[in-house]
Amino acid sequence: MAFLYTTLGPLTKADLGPILPHEHVFVDLRTPDQPGYAQADASDVIALMAPQIEAIKALGITALVECTTGGVGRRADIDLAVSKATNFPIVVPTGNYREPWIPEWVRDASELQLRDWMLAELNEEIEDTGFRAGWIKLSAGDDGITALEARILRAAAAAGRATNAVIGSHTIKGRVVLDQLDIIEASGYIARRFISIHTQEEPDFNLHKAVAARGAWIEYDQIGRAEDEGVITMILRALDAGLERQLLLSHDLGWYDPAQTGGGVPRPYTALSQRILPALRQRGVDEQTITQLTEINPFEAFAR
């Protein structure tokens with residue numbers, strides 16, 4: 001049986017309904033060498049972000065995937081505190097972001113050391129939180145994957161192969177995604193356990209289809225950030241192309257930012273439920289497809 005590994009423990013498909021596959025509770029986009037990087041009191045984060053969680057709970061959302069990884073302020077302990085305060089499961093990654101958001105220890109680590117670190121977080125626990133990482137989050141440079149990013153990706157592929165964990169990557173250009181898939185397959189893992197995060201940023205829809213043809217997930221995560229009609233048009237185009245079983249939908253919103261006074265002003269995770277899904281229904285998308293997009297696909301992508 002497959003489980004979604006969350007802050008509240010492993011959950012089965014029967015335990016869950018709609019899942020948001022790309023959001024943030026806590027992010028620090030300063031580089032890890034900056035003073036105050038990723039520092040915050042859990043109580044302050046709870047005060048700011050718990051209302052955002054409660055809002056989606058009221059809409060029927062049953063879990064959220066935290067996409068903040070190493071290098072951009074991952075705080076698994078804070079994710080856990082928010083999760084417990086709201087009784088809401090959050091899926092937290094292992095892995096690390098792209099250059100220059102790479103801590104010195106990751107830069108100096110061998111591929112084997114990086115693999116073993118990811119495996120420990122996937123199989124045992126993240127730091128001292130008592131819960132396992134649910135997936136692997138990486139990134140690649142906009143103009144191509146660097147040697148260091150490729151080392152991290154190969155380590156992720158080895159860890160994924162041992163655990164069936166999905167690898168998601170913030171990668172803007174479709175041709176770079178295809179290069180990443182080549183590396184994953186050359187490392188002995190499979191493209192269908194890869195998520196092309198921010199697929200919508202690639203203007204050539206043929207590359208969306210090419211990534212999906214390799215077996216990977218594509219993700220449109222601009223909901224609530226981009227104009228609704230454009231989002232709806234993009235989703236309908238993907239559905240018309242037969243990609244409904246490989247498409248993930250989310251907002252890429254939130255979050256508490258320790259670089260901002262008071263953590264900044266969070267942006268809600270509600271547009272998918274409140275605006276986009278009703279609009280898709282009005283355009284003739286049936287409930288079976290809605291369930292596929294919001295429940296089945298996210299669980300199948302992240303469960304292992």
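Just a few scattered comments:
- Contour minus Cα-Cα distance for SER110 and GLU295 (0.36 nm per residue): 62.9 nm
- Take the Cα of GLN274, step 7 Å toward its Cβ, do the same at ASP33, and the gap between the two points is 4.2 nm.
- Taking every protein chain into account, the accessible area of the chain amounts to 38 square angstrom per residue (probe 1.4 Å).
- Spin-label model, ALA226 to ASP142: label points 7 Å out along the Cα-to-beta-carbon direction sit 1.6 nm apart.
- Length released on extending from ASN206 to ASN123, taking residue separation times 0.36 nm less the Cα-Cα span: 26.2 nm
- Tail weight of P(r) past 21 Å, computed on alpha-carbon pairs of the stretch 174-304, percent: 45
- Aspartates and glutamates with Cα under 19 Å of LYS13, excluding same-chain neighbours fewer than 8 positions away: GLU66, GLU244, GLU287, GLU295, GLU300
- Here the chain is assigned +1 on the Cβ of each Lys and Arg and -1 on the Cβ of each Asp and Glu. Its dipole about the Cα centre then comes out at about 640 debye.
- Spin-label zone in the stretch 97-127 - amide nitrogen under 16 Å from a point set 7 Å from the Cα of ARG161 along the C-beta vector: 111-119
- Protein heavy-atom surface of the chain, 1.4 angstrom probe: 49% of the accessible area is carbon and sulfur, with nucleic acids and ligands not counted.
- Backbone N under 16 Å from the ARG267 label point (7 Å along Cα→Cβ), restricted to the stretch 46-79: 52, 67-68
- Its Cα gyration tensor gives the chain an equivalent ellipsoid. The semi-axes, each the square root of 5 times an eigenvalue, are 26, 24, 18 Å from largest down.
- Relative contact order for the chain: 21 percent, from Cα pairs under 8 Å spaced at least 6 residues apart, divided by residue count.
- With at most 14 neighbouring Cβ atoms within 10 Å, loop GluC sites (Glu not before Pro) (DSSP) excluded, longest segment of the chain: 1-123
- Helical mean residue ellipticity (222 nm; -39500 (n - 2.57) per DSSP H run of 4+; nearest 500) of the chain: -11500 deg cm²/dmol
- Three-way shape label, the stretch 42-140, alpha-carbon gyration tensor, a/c 1.5: prolate
- Selection among HIS170, GLY36, LEU272 by position relative to the dipole of the chain gives LEU272 as farthest towards the positive end (Cβ unit charges, Cα centre).
- For a straight C-alpha distance cut-off of 18 angstrom, the aspartates and glutamates reachable from LYS173 (same-chain residues fewer than eight places away being disregarded) are GLU99, ASP142, ASP143, GLU149, ASP182, GLU201, GLU202, ASP204, GLU219, ASP221, ASP252.
The values are calculated or read from the model by the stated rules, or taken from the named source; none is laboratory data. Given the structure is predicted, the values throughout are model-derived calculations rather than measurements. Cβ: placed from backbone, ideal geometry, glycine included. Neighbour counts: every protein chain shown. Keep in mind that these areas ignore ligands, DNA and RNA; they rest on the heavy atoms of the full protein, side chains included. Shrake-Rupley method; radii C 1.70, N 1.55, O 1.52, S 1.80 Å.
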